[in-house]
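Heads up: the structure comes next, in structure tokens.
Every read-out reported here was derived from the displayed coordinates using simple, explicitly stated rules and does not represent laboratory data. These numbers were taken from a predicted model, which means no experiment stands behind them. Quick reminder, even Gly has a Cβ in these numbers, built from the backbone with ideal geometry, and neighbours come from all protein chains shown.
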Amino acid sequence: MTHATVRIIRQEHAALAAMLRSIVLLLEQHRKKGSLPDFATLRAMLFYVDEFPEKRHHRKETELLFPKLRARTPISRDLLDKLDSDHARGERRIRDVEHALLAFEMLGESRREAFETTVGDYVDFYLLHMALEEREILPLAERVLTENDWLDLDEAFAQNRDPMTGHVPELEYNALFTRIVNMVPAPIGLGPALD
């Protein structure tokens, strides 16, 4: 049986992976055309990455899921430490990406390559991080956590659901998510507009 927490984590990972890959594809399209990207679109997409995955998704993993795993088994403690460290460094890394974007926007073409490299490194880091969680941590959780653990986790993970997974966003985020979905070109779109 797959628990709600596992489904939510996988859905949120898929939404984040789609967003990250869309950023890379958008940059590739503009590089090929020799045009500058729409910086407002990139800022909105990076704000999403910072606002939901970094501040909400990771917090629930680090503060709720990982401690329950540590309490139930000695298996994968080094990996949990690494993932917690990734979470702690994630905020700094997204700031680096946002700074590189600002430099590209303000200083132009001379900063394109640095921004694209910074984004590429961040995307690679994040995709690997999520793959480790899905391949190692979620199956371990399904083996060792109790039904009471899952009840607590399911309740917590059901809160503040990621609108990019099809859930109705909190009112203050509705315009942001509608804007992102509508701004990303159709070939790399993220889904239907949210109402």
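Quick one: length gained pulling E109 to E155 fully straight, 0.36 nm per residue minus the C-alpha distance?
Length difference between fully extended and current span is 11.8 nm.
Please report the equivalent ellipsoid semi-axes of segment 93-150, computed as sqrt(5 x eigenvalue) of the Cα gyration tensor, largest first, in whole Å. All intermediate terms of the calculation are to be shown ahead of the outcome.
Details: eigenvalues 299, 24, 5 Å².
Semi-axes, largest first: 39, 11, 5 Å.
Along segment 31-44, what does the Karplus equation 6.51 cos²θ - 1.76 cosθ + 1.60 (θ = phi - 60°) give for ³J(HN,Hα), rounded to whole Hz, x for Gly and Pro?
4, 4, 7, x, 10, 7, x, 6, 5, 5, 5, 4, 4, 5
Starting at the first residue of segment 133-140, write each ³J(HN,Hα) from the Karplus equation 6.51 cos²θ - 1.76 cosθ + 1.60 with θ = phi - 60°, in whole Hz, x for Gly and Pro.
With the stated coefficients, segment 133-140 comes to 4, 6, 7, 10, 7, 5, x, 4 Hz.
Specify the inter-centroid distance of segment 127-146 and segment 62-116, based on alpha-carbon positions, in whole Å.
18
Around I23, under 13 Å between beta carbons, what's the net of Lys plus Arg minus Asp minus Glu among the other residues? Mind showing how you got there, number by number?
Numbers: positive: R21, R31, R43; negative: E28, D38, D50, E98, E116, D121, D124.
Summing Lys and Arg as +1 and Asp and Glu as -1 gives -4.
Rounded to two decimals, what ratio of Rg to Rh does segment 1-50 give with C-alpha atoms and a Kirkwood Rh?
Taking Rg over the Kirkwood Rh, I get 1.18.
Testing the spin-label approximation: label points 7 Å from Cα along Cα→Cβ at R72 and T146. State their distance in nm.
Result: 1.1 nm between the two label points.
Please state the Cα pair-distance histogram of segment 4-186 with 10 angstrom bins from zero: what percent is in each bin?
Distribution as computed: 9, 36, 32, 17, 6, 1 percent.
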